[in-house]
Amino acid sequence: MDALLKLSPAQSLLLRGAARRADGRVIPPGTLRGGARLKVLTALLQRGWIEPVDDGHVLTDTGYAAIGQQRPVPPDDVQPVDATDDLQLLEGIPVRPGTKLAALVVALRRPQGATCLQLMLATGWQPHTVRGAISGMLRKKLGLNVVLAHNDTGERVYRVV
């Protein structure tokens with residue numbers, strides 16, 4: 001618990017924001033600029049709470065512990081959806097390939113459908129955004145017939161029929 005006391009407000013904001021993302025990516029807000037941004041990121045790097053990746057930073061296990069959380073472990077049966085190889089599943093739907101909405105459509109047009117967690121991993125969206133996109137964009141605006149069923153474990157599975 002004493003690690004919580006050593007966090008500045010900016011550090012706490014970055015760590016808690018990254019912990020809410022499925023991939024743990026640290027995305028500084030637009031209001032944190034210049035030297036302040038550099039100072040906060042440098043302090044987090046020096047403490048080992050974040051680590052650099054290709055185009056940014058991600059939260060480490062130590063970073064999760066600093067805010068009193070544990071790294072979420074995705075279930076073994078969840079596999080990310082790759083929208084680039086599935087362009088045939090977009091035929092007849094006016095969605096631009098390579099977008100998050102296209103990834104959503106591709107996942108839903110598979111024979112087994114997709115759970116909310118799979119759709120979250122495919123798009124990087126929160127659950128309420130996934131459900132809203134299904135209801136508003138896919139059902140109402142595009143007119144797709146999205147059905148909801150439950151699999152053996154009781155999870156909701158969405159599918160386009």
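The values are calculated or read from the model by the stated rules, or taken from the named source; none is laboratory data. Quantities reported herein were computed from a predicted structural model and do not represent experimental measurements. Here the Cβ positions follow ideal geometry from the backbone for every residue, glycine too, while neighbour counts run over all protein chains shown. For the accessible areas, the whole protein counts, side chains as well, though only heavy atoms, and no ligand, DNA or RNA atoms are used. Shrake-Rupley method; radii C 1.70, N 1.55, O 1.52, S 1.80 Å.
A few comments on the model shown:
- Counted residues, the stretch 18-46 - those being within 19 Å of the chain's Cα centre (by Cα), assigned to a helix (DSSP H, G or I) and farther than 14 Å from Gly56 by Cα: 2
- Within this structure, Ala18 passes the test of being open to solvent by less than 30 Å² (accessible area, probe 1.4 Å) and touching a residue at least 24 places away in the same chain (Cβ under 8 Å).
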